[in-house]
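Asks: Quick one: the structure is below, questions incoming.
Any read-out appearing in this document is the output of simple, stated calculations on the displayed coordinates, not a laboratory observation. This structure is a prediction, so every number in the text was calculated from the model and none was measured. All Cβ positions, even for glycine, are placed from backbone atoms using ideal geometry, and neighbour counts span all protein chains on display.
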């Protein structure tokens with residue numbers, strides 16, 4: 001699959017996919033989208049990179065690290081980072097749920113504020129749910145990428 | 001005086017906290033950790049001692065919604081047992097460092113001992129059925145860990161599994177009995193007292209009547225008896241106890257003679273006022289006397305000193321059960337008093353056995369003798385304890401055995417039991433004769449001549465002597481002044497277990513009565529038969545050895561082997577390593593249960609098929625069906641994957657037409673990801689192979705069944721919905737913006753209204769990732785050989801990888 005066509009296409013579409021996925025995530029509260037959809041789409045972008053450039057490309061090509069060929073994929077630093085990502089994501093979701101307890105509200109209570117007079121946007125809504133949704137996003141991306149890279153390396 | 005909640009909770013909690021801190025203790029103290037244990041046990045003991053004389057219930061809320069609370073009930077009976085457990089615990093902890101010197105795994109050993117002590121105190125004090133059950137099973141768990149302490153020894157593992165299987169299995173029977181009790185209690189005493197044993201015991205008569213009215217009396221009695229009988233090693237489920245002697249000797253002394261095995265007896269005593277009656281007499285007196293006799297005979301056949309003591313323990317447990325089984329007040333006196341006496345002399349004897357094994361290096365009865373020369377102090381301890389076990393006056397075992405005889409004789413005065421009125425006393429005497437025999441045999445290890453083969457016997461360290469000496473001293477005190485023990489604690493224990501307790505008096509008999517005659521016969525026949533001990537020993541072995549079916553252990557082995565074979569066959573049929581087999585069984589199972597459920601609930605009749613399909617939807621679905629057919633008919637994987645995604649994308653479009661943009665978006669991205677993943681691994685998938693016609697037919701049938709089930713499920717579940725939108729849907733639609741601040745109802749539902757569900761799903765995703773990671777990382781770890789092999793593999797892979805890497809560049 002590491003053909004020239006594949007690589008060229010990947011170069012063009014991966015940034016687009018990533019931007020779309022992030023916008024889906026951020027706009028999720030008011031338009032179709034959200035943490036789960038954004039996360040899956042981000043994973044798709046990574047999967048396309050893996051397909052076009054091989055599994056070690058992220059470590060070697062982008063991060064400029066040396067990779068021991070043949071060692072356990074689960075020990076790769078990128079995979080370790082994925083694992084951290086889903087652990088942290090889960091932590092973010094739980095902590096964002098615990099935060100309302102400090103204000104005497106039940107677990108996972110969400111609220112929002114409208115910010116008026118913000119430049120460019122004029123008025124901007126900030127929902128506390130975005131923190132929880134970010135946790136969802138991280139868990140999905142981290143979890144799926146862990147599975148993808150570990151299974152892919154087999 | 002009513003008990004103090006904080007003190008009671010602390011007494012139970014201190015050992016558990018110590019269990020958690022054991023690694024820390026061990027780091028500081030090393031092998032001396034046992035002495036820290038002594039301090040902890042004494043702390044619990046003194047906390048409990050402050051509650052001496054108090055009576056009443058204290059409770060901590062636990063699961064108020066289910067009326068489950070951490071209730072503790074303090075009375076004489078609970079205190080007697082809890083004080084015994086913590087007191088003997090302290091002695092065992094003192095004894096352990098010297099006995100366990102140089103062993104590995106001491107952290108596990110001490111942690112389990114601590115946890116055990118906490119749970120046994122918990123069982124003694126708990127007044128809530130759920131709490132009792134939990135502590136009860138915790139003691140079994142600790143016992144499992146301790147019996148299996150020598151992890152490299154197969155027989156120890158076998159014994160640990162057996163003990164676990166029998167005692168935890170018995171605990172499950174107990175749980176069912178508890179649930180029946182709680183159902184009745186909830187009706188009689190109100191739902192607040194559904195699990196409150198103390199409240200049930202206060203209303204004993206009402207509970208007993210209600211149980212009888214509902215026909216639950218016998219089931220409850222039977223289930224509790226099975227639970228208590230397995231725990232207290234009653235025939236025919238006694239065989240785990242002799243096997244449990246694979247544990248280190250301090251453990252045997254603590255768990256398998258003085259405390260854990262008495263939990264069953266303790267519990268029988270506890271519920272006695274509520275369930276006592278003719279059935280109670282038949283069940284427990286018969287069970288107890290049978291156990292007492294059978295195990296005493298088996299003790300005579302024993303060749304190992306710990307085996308002898310184990311059978312003897314089971315036999316004495318039988319004595320206590322029989323005592324509680326007799327409905328007269330003497331019965332309760334027997335049970336309570338012998339629980340104390342037996343704990344004192346048997347724990348001492350086990351510790352003596354530990355000293356013998358430790359110093360002489362063997363536990364074979366035939367190889368030991370004349371130990372009084374080498375172990376004079378131990379010999380003195382043994383004299384007191386063994387004579388007490390034999391029930392020779394004036395030692396303390398005599399008094400409680402005398403009470404048993406009295407209760408057995410009295411039984412026929414209370415109930416019309418016909419021939420049993422003669423049989424009970426006769427069996428009690430018959431069993432006791434064997435008790436005298438094996439007690440004398442144990443004592444004879446210390447008299448006579450030393451066998452030539454016996455090596456040099458060291459004298460034991462002081463810490464190993466202190467514990468049995470303290471126990472023997474206490475036994476001696478009770479022997480000299482039994483009324484003292486009665487006044488201090490036994491009387492208050494009696495009040496909790498007897499129906500109409502009176503003032504209890506014990507002492508040496510001054511005039512002739514039937515029980516005195518029975519004791520005289522027992523001791524005289526025992527002494528007269530002792531010279532023929534070896535002949536008896538060989539005779540019993542000659543009968544039991546060649547006919548395995550009379551040994552319950554044989555049945556256990558047969559059943560367990562059978563279950564293992566069945567299980568293996570079952571696993572190989574269902575889980576043969578082929579994904580398609582798994583799918584076949586799982587899917588057909590799900591379909592069968594779902595369809596059966598619909599039929600049973602009568603949901604199939606009310607299905608109405610609505611036909612509100614627009615042209616566009618119909619077209620999309622048609623393409624989807626064509627795509628599905630194409631998947632099945634495709635010859636190559638690429639064609640299969642691509643046609644499969646046609647199906648998936650059509651479903652996404654269907655969602656859009658059904659005005660569910662979020663669902664459609666999710667379907668689209670997941671479909672895309674799956675497609676990309678397939679393309680990533682497509683080269684690795686083996687080529688499509690032709691499969692047999694039979695398999696094809698099976699697969700087609702299965703697919704049809706799955707499809708039909710899904711179809712019916714959708715119809716049934718959407719048909720059950722009220723027309724129009726539901727309350728909850730209207731609520732979500734109306735409140736999304738004002739409450740959640742988002743116009744995307746789906747997302748607001750996910751992150752706000754139903755955030756907890758989403759959190760659960762996140763946990764699932766994280767778990768899936770972790771388990772896949774674990775599976776792949778762990779795959780290489782087998783035994784050492786396979787690890788070595790995979791190292792070789794790794795080197796080879798590295799070589800090949802370098803070459804492929806080179807060509808890629």
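Asks: Give me the angle, in degrees from 0 to 90, between the Cα long axis of helix B:661-681 and the longest principal axis of the Cα atoms of chain B, rounded to the nearest 10.
Replies: Tilt relative to chain B: about 80 degrees.
Asks: I want to check the label-to-label distance for residue B:9 and residue B:62. Put each point 7 Å from Cα in the C-beta direction and report it in nm to one decimal.
Replies: Inter-label distance under the simple model: 1.3 nm.
Asks: Hey, another quick one. Taking the stretch B:40-184 on its own, what percent of its Cα-Cα pair distances exceed 26 Å? Walk me through the numbers on the way to the answer.
Replies: Working: 3529 of 10440 pairs.
Across the stretch B:40-184, Cα pairs with separations above 26 Å total 34 percent.
Asks: Next question, about the same structure. First obtain the Kirkwood hydrodynamic radius of the protein assembly as shown from its Cα pairs, then insert it into the Stokes-Einstein equation at 20 °C and 1.002 mPa s, and state the resulting D in µm² per second as a whole number.
Replies: 64
Asks: Tell me, Kirkwood radius of chain A from alpha-carbon pair distances, in Å?
Replies: After inverting the mean inverse Cα-Cα distance, the result is 17.3 Å.
Asks: Would you tell me the mean number of C-beta atoms belonging to other protein chains that fall within 10 Å of each C-beta in A:131-140, as a whole number? Kindly include the intermediate steps, with their values, before the conclusion.
Replies: Values: counts 1, 7, 6, 1, 4, 8, 0, 1, 9, 5.
Averaged over the peptide's residues, the number is 4.
Asks: Kirkwood Rh, Cα Rg: Rg to Rh for the stretch B:627-707?
Replies: Numbers: Rg = 15.0 Å, Rh = 14.3 Å.
With Rh from the inverse mean 1/r over Cα pairs, Rg/Rh is 1.05.
Asks: Continuing with the same structure: Please pull out the direction-averaged projected area of the stretch B:53-127, using the convex hull of its alpha-carbon atoms, in nm² to one decimal place.
Replies: Taking the Cα atoms of the stretch B:53-127, their convex hull projects to 6.3 nm² on average.
Asks: I need the per residue convex hull volume for the stretch B:393-432, using only the alpha carbons, in cubic angstrom as a whole number.
Replies: Details: hull volume 2.0 nm³, N = 40.
In the stretch B:393-432, the Cα convex hull volume per residue is 51 Å³.
Asks: Let me ask something else about it. For the stretch B:415-463, what percent of Cα pairs sit more than 15 Å apart?
Replies: Within the stretch B:415-463, distances greater than 15 Å cover 69 percent of Cα pairs.
Asks: A follow-up question, please. Which Rg and Dmax, in Å, describe the Cα atoms of the stretch B:376-471?
Replies: Expressed in Å, the Cα Rg and Dmax of the stretch B:376-471 come to 18.6, 60.
Asks: Taking the square root of 5 times each eigenvalue of the Cα gyration tensor, what semi-axes in Å does the equivalent ellipsoid of the stretch B:521-598 have, largest first?
Replies: Gyration-tensor ellipsoid for the stretch B:521-598: 57, 16, 7 Å.
Asks: So, one more: Given a Förster radius of 22 Å and the C-beta distance between residue B:202 and residue B:1 as r, what FRET efficiency does 1/(1 + (r/R0)^6) yield to the nearest 0.05?
Replies: Rounded to the nearest 0.05, the efficiency is 0.75.
Asks: Taking the Cβ-Cβ separation of residue B:303 and residue B:499 as r and a Förster radius of 45 Å, what is the calculated FRET efficiency to the nearest 0.05?
Replies: With R0 = 45 Å, the Cβ-Cβ based efficiency is 0.55.
Asks: Related question: Taking 0.36 nm per residue of separation and subtracting the Cα-Cα distance, what length does fully extending residue B:630 through residue B:49 add? Walk me through the numbers before you get to the answer.
Replies: Values: separation 581, 0.36 × 581 = 209.16 nm, distance 8.05 nm.
Result: 201.1 nm gained on full extension.
Asks: At 4 °C and a viscosity of 1.567 mPa s, what translational diffusion coefficient does Stokes-Einstein give for the stretch B:276-574, taking Rh as the Kirkwood radius over Cα pairs? Give it in µm²/s as a whole number.
Replies: For these conditions, the coefficient is 64 µm²/s.
Asks: Multiply the residue separation of residue B:481 and residue B:734 by 0.36 nm, subtract the distance between their alpha-carbon atoms, and state the gained length in nm to one decimal.
Replies: Gain on stretching residue B:481 to residue B:734: 82.9 nm.
Asks: Most exposed first by the Cβ proxy, i.e. fewest other Cβ within 10 Å, how do B:419, B:762 rank?
Replies: Ordered from fewest to most neighbouring Cβ atoms within 10 Å, B:419, B:762 come out as B:419, B:762.
Asks: Can you order the peptides B:89-101, B:57-69, B:527-539, A:31-43 by their average number of other Cβ atoms within 10 Å per residue, highest first?
Replies: Working: B:89-101: 23.9, B:57-69: 14.8, B:527-539: 13.2, A:31-43: 25.5.
The packing order, highest mean first, is A:31-43, B:89-101, B:57-69, B:527-539.
Asks: Taking just the alpha carbons, could you work out the radius of gyration and Dmax for the stretch A:10-51, both in angstroms?
Replies: 10.3, 33
Asks: Continuing with this model, one more query. In percent, what relative contact order does chain B have, based on Cα pairs under 8 Å that are 6 or more apart in sequence?
Replies: 9
Asks: Taking the simple approach of a point 7 Å from Cα along Cα-to-Cβ for both residue B:590 and residue B:684, what is their distance in nm?
Replies: Between residue B:590 and residue B:684, the label points sit 2.5 nm apart.
Asks: Then there is this: What's the angle, to the nearest 10 degrees (0 to 90), between helix A:129-153's Cα axis and the longest principal axis of chain A?
Replies: Once rounded, one gets 10 degrees.
Asks: Oh, and also: Along its principal axes, what span do the Cα atoms of chain B show, with the longest given first and each in whole Å?
Replies: Sorted largest first, the three principal extents are 107, 70, 53 Å.
Asks: Arrange the peptides B:293-302, A:78-87 so that the one whose residues have, on average, the most other Cβ atoms within 10 Å appears first.
Replies: On the way: B:293-302: 24.2, A:78-87: 18.8.
So the peptides B:293-302, A:78-87, ranked by packing, come out B:293-302, A:78-87.
Asks: Another one. Given that compact globular proteins tend to follow 2.2 N^0.38 Å, what is the ratio of the alpha-carbon Rg of the stretch B:120-187 to that value?
Replies: Taking N as the residue count of the stretch B:120-187, the ratio is 1.33.
Asks: Continuing with the same structure: At 0.36 nm per residue, minus the direct Cα-Cα distance, what do residue B:700 and residue B:563 gain on full extension? Give it in nm, one decimal, please. Present the calculation step by step, with values, prior to reporting the outcome.
Replies: Working: separation 137, 0.36 × 137 = 49.32 nm, distance 3.45 nm.
Length difference between fully extended and current span is 45.9 nm.
Asks: Across peptide B:737-745, what mean number of C-beta atoms from other chains lies inside 10 Å of a residue's C-beta?
Replies: Taking the mean over all residues of the peptide, I get 5.
Asks: May I pose another question? Return, for the Cα atoms of the stretch B:470-604, the radius of gyration and Dmax in Å, separated by a comma.
Replies: Spelled out, the Cα radius of gyration and Dmax of the stretch B:470-604 are 31.2, 83 Å.
Asks: For the stretch B:725-765, state the average projected area of the convex hull of the C-alpha atoms over all orientations, rounded to one decimal in nm².
Replies: 3.0
Asks: Further, regarding this structure: If each residue's Cβ is checked for other Cβ atoms within 10 Å, how do B:646, B:688, B:120, B:132 rank with the fewest at the top? Please report the intermediate quantities before stating the final value.
Replies: On the way: B:646 17, B:688 11, B:120 32, B:132 24.
In order of increasing Cβ crowding within 10 Å: B:688, B:646, B:132, B:120.
Asks: Compute the relative contact order of the stretch B:579-736 as a whole-number percentage, counting only Cα pairs closer than 8 Å that sit 6 or more residues apart in sequence.
Replies: Relative contact order, the stretch B:579-736: 29 percent.
Asks: How would B:306, B:367, B:401 line up from fewest to most surrounding beta-carbon atoms within 10 angstrom?
Replies: Final ranking by Cβ density, sparse to dense: B:367, B:306, B:401.
Asks: If you build the convex hull over the alpha carbons only and average its shadow over all orientations, what do you get for the stretch B:1-116? Give it in nm² to one decimal.
Replies: So the mean shadow area of the Cα hull is 7.7 nm².
Asks: Which values, in whole Å and largest first, are the semi-axes of the equivalent ellipsoid of the stretch B:579-736 obtained as the square root of 5 times each eigenvalue of the Cα gyration tensor?
Replies: Gyration-tensor ellipsoid for the stretch B:579-736: 31, 24, 15 Å.
Asks: Something else: Report the Cα centroid-to-centroid distance between the stretch B:301-318 and the stretch B:167-214 in angstrom, as an integer.
Replies: 34
Asks: Can you give the Rg/Rh ratio of the stretch B:473-529, where Rg is from the C-alpha atoms and Rh is the Kirkwood radius?
Replies: My calculation puts Rg/Rh at 1.08.
Asks: Shielding by partners for A:45-53, please: the mean number of other protein chain Cβ atoms within 10 Å of each residue's Cβ.
Replies: For peptide A:45-53, the averaged partner shielding equals 3.
Asks: For the residue pair residue B:508 and residue B:416, what label-to-label distance in nm results when each label sits 7 Å from Cα along the Cα-to-beta-carbon direction?
Replies: 4.3
Asks: Quick one: angle between helix B:755-778 and the longest Cα principal axis of chain B, in degrees between 0 and 90, rounded to 10, please.
Replies: For helix B:755-778, the angle is close to 80 degrees.
Asks: Separate question: For the stretch B:143-244, what is the relative contact order in percent, using Cα pairs closer than 8 Å and at least 6 residues apart in sequence?
Replies: It comes to 33 percent, rounded to a whole number.
Asks: If you take the Cα atoms of the stretch B:213-350, find Rg, then find the Kirkwood Rh from the mean of 1/r over all pairs, what is Rg/Rh?
Replies: 0.98
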